[in-house]
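Below is one structure, written out as structure tokens; the observations come after it.
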Amino acid sequence: MKSITTRWLRGSLLITLVVLAVAEALYMYSTYQSYYGGARQTIISRFSTLSGQLQATGTAGDSDQTAASRASALRRAVEQFSEKDKFEFMLLDSAGGVITASSGTQPEGLTGQEDFVLAQTAPSGVGSAVYHTGEGERVLSVTMLVPYAAGSITALRMVTSMTLVDRRIWQAFAMSMGVALAVLCFTVWSGLFFVRSIVKPLGQVEATATKIAKGDLSVRLPATRYNDEIGRLCATINQMAQDLAMAETMKNDFISSVSHELRTPLTSIKGWVETIATLRDPADPNYQKGISIIGTETDRLYTMVEELLDFSRLQNGIQLKCQVLDLVAETTDAALFVEARIQKEGLRLVYDEPEFLCPVWADPGRLHQVLVNVLDNAIKYSEPGGSITITLERRGPNAVIAVRDHGRGISPEDLANVKQKFFKGKNAVRGSGIGLAVVEEIVSALGGTLDMASTLGVGTTVSMALPIYHPGQEFLHQPIQ
């Protein structure tokens, strides 16, 4: 199975090796050229000194006497050569043969004439070559053609041993290889340390994510000391697991609550159906009461099922059929719709219909659902004798509807979560717990906001802000698909 470490070894480390190899090759080539070029240049400088001496010899011309004089001068220079411990100085004839040498004899194993041939073809008259003696010693040979006639002498050759130079080059090679090895070791160590600092947390992330996928929502990743992408990823996964655990708890509570809410009316309906079945007289008071209760509980079930269906549609995507509406008229219709129930619950509705128009871009059915749902919550959480107040006003670019009750209120710890799906607070009464979640989804889809303010034991105010319609708004807030 491939891993990040393997990819790093095949990628970055391979590139590092190639770069080090190229750098080493360039360094060694430069070192070789520097040492061998320096030795060659030293020999050429000595040739230049001899050329100057030859130029001063026989300035009358290139007569035979002058040429013989120059030949004699070169022979004396070879015989009196003071650097015999460093160089072998030789005079060559036109065939490249050795006429005389500073050591008195031709060096053994030095039979090549590559430097002599190169000197004859080079514009500068100088050629050089590296030879191996019979003992395996490397020597540098530099030949320069004599620039003036000097009898049978055609070229000058100097030969020097490269043993010390090669030793210096090998020392430089060993040192550079040591540096390259140290760089490579440091690169591997730092790279593996960095890769492991990524791989280890990612392994923990993988293991934790696998457990979460299998349903274990209690697992958490350990906190990291780095506030980087890995640290933020771990924090995000921990938050995700916490949110999933909370959602799972809320879902289970929701299922339990809905089961209870469905069981209560179903039990009542079943009981009254059985009672009515024993009665033969429709005029019987119990018969009439049973029919009324069955109707009431059926409406209750219908409302709950509609809430569940609405929530399902919102989760899967619904089509909003928006048009220009008068928010004042829509609010008045919703107030009239629930007025009879408000009075039945012993409450008082306070609503003064504004005299101005308030156009908004909304779906009439969904807007009516939002208003009725909010008013329904206000009714459920109000005590008999209280009042429910509806206000509508324009605030800048928005129209704000506020529904205020004087009921039991919401605790501060529940207020932050009351709009979440499936959430039911400590003071919650019957219901599915998704009404406000559906309301907020619809209001957000219409480009508005939903805010809640509540004081425990005093009451709750739900405020809905919708943008006042202006031409072209229909293209800014597209319906949910």
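The values are calculated or read from the model by the stated rules, or taken from the named source; none is laboratory data. Please read all numbers here as calculations on a predicted model, not as lab measurements. Counting neighbours? That spans all protein chains shown, and the Cβs are built from the backbone with ideal geometry, glycine included.
For Val179, indicate whether it is closer than 11 Å to Ala39 by Cα, of a type outside the set (Gly, Ala, Ser) and at pLDDT 90 or above. For Val179, the condition - closer than 11 Å to Ala39 by Cα, of a type outside the set (Gly, Ala, Ser) and at pLDDT 90 or above - is not met. Every listed requirement among (1) over 30 Å from Lys84 (Cα atoms); (2) without any contact (Cβ under 8 Å) to a residue 60 or more places away in the chain is met by Leu192 save one, (2). Once the range 277-291 is narrowed to residues that are surrounded by fewer than 11 Cβ atoms within 10 Å (Cβ to Cβ) and at pLDDT 75 or above, the residue that is nearest to the chain's Cα centre (by Cα) is Ala277. Quick check: is even one residue across the range 440-454 closer than 30 Å to Thr264 by Cα, at pLDDT 85 or above and touching a His at 6+ places or on another chain (Cβ under 8 Å)? Within the range 440-454, none of the residues are closer than 30 Å to Thr264 by Cα, at pLDDT 85 or above and touching a His at 6+ places or on another chain (Cβ under 8 Å).
Among all positions in the range 78-93, there is at least one residue which is assigned to a helix (DSSP H, G or I), in the same structural domain as Tyr148 (by TED's automatic domain parsing) and modelled with pLDDT of 80 or more. Scanning for something part of a helix (DSSP H, G or I), free of Cβ contacts under 8 Å to residues at least 60 places away in the same chain and within 30 Å of Met304 (Cβ to Cβ), does the range 226-235 turn up at least one residue? No, the range 226-235 contains no residue that is part of a helix (DSSP H, G or I), free of Cβ contacts under 8 Å to residues at least 60 places away in the same chain and within 30 Å of Met304 (Cβ to Cβ).
A single entry from Ser197, Ser161 fulfils the requirement of being within 30 Å of Met90 (Cβ to Cβ) and among the small types (Gly, Ala, Ser): Ser161.
Residues checked against (1) surrounded by 17 or more Cβ atoms within 10 Å (Cβ to Cβ); (2) of a type outside the set (Lys, Arg); (3) assigned to a helix (DSSP H, G or I):
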| site | (1), (2), (3) |
| --- | --- |
| Trp361 | yes, yes, no |
| Leu371 | yes, yes, yes |
| Val374 | yes, yes, yes |
| Ala378 | yes, yes, yes |
| Glu383 | no, yes, no |
| Thr389 | yes, yes, no |
| Val400 | yes, yes, no |
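Being modelled with pLDDT under 85 and farther than 30 Å from Pro471 by Cα: is that true of Pro384 here? No: the conditions fail for Pro384. In the set (1) in a loop (DSSP other than H, G, I, E, B); (2) modelled with pLDDT under 80; (3) surrounded by fewer than 17 Cβ atoms within 10 Å (Cβ to Cβ), Lys421 fails one condition alone, (3). With the requirement that a residue be closer than 21 Å to Ser103 by Cα and over 60 Å from the mean Cα position of the chain (by Cα), what does the range 151-176 give you? Answer for the range 151-176, where residues must be closer than 21 Å to Ser103 by Cα and over 60 Å from the mean Cα position of the chain (by Cα): Ser152, Ile153, Thr154, Ala155, Leu156, Arg157, Met158, Val159, Thr160, Ser161. A Cβ distance below 6 Å, combined with a sequence gap of six or more or placement on separate chains, defines the contacts here; from the range 84-100, residues that are among the hydroxyl-bearing types (Ser, Thr, Tyr) reach residues that are part of a strand (DSSP E or B) in the pairs Ser94/Thr154; Thr100/Leu91. For the range 309-330, the tally of residues that are modelled with pLDDT under 75, part of a helix (DSSP H, G or I) and surrounded by 14 or more Cβ atoms within 10 Å (Cβ to Cβ) stands at 4.
Cβ-Cβ below 8 Å, separation at least six or inter-chain, first residue in the range 437-455 and more than 24 Å from Pro359 (Cα to Cα) and in a strand (DSSP E or B), second at pLDDT below 85 and not basic (Lys, Arg): which pairs? The qualifying pairs are Ser454/Gly409; Ser454/Ile410; Ser454/Leu415; Thr455/Gly409.
Restricting the search to the range 126-140, which residues are over 60 Å from the mean Cα position of the chain (by Cα) and at pLDDT 90 or above? The answer is Val126, Gly127. Taken as a whole, the condition of being under 30 Å from Pro201 (Cα atoms), out of contact with any Gly (no Cβ under 6 Å at 6 or more places or on another chain) and either of a type in the set (Ser, Thr, Tyr) or at pLDDT below 85 (or both) does not apply to Ser30.
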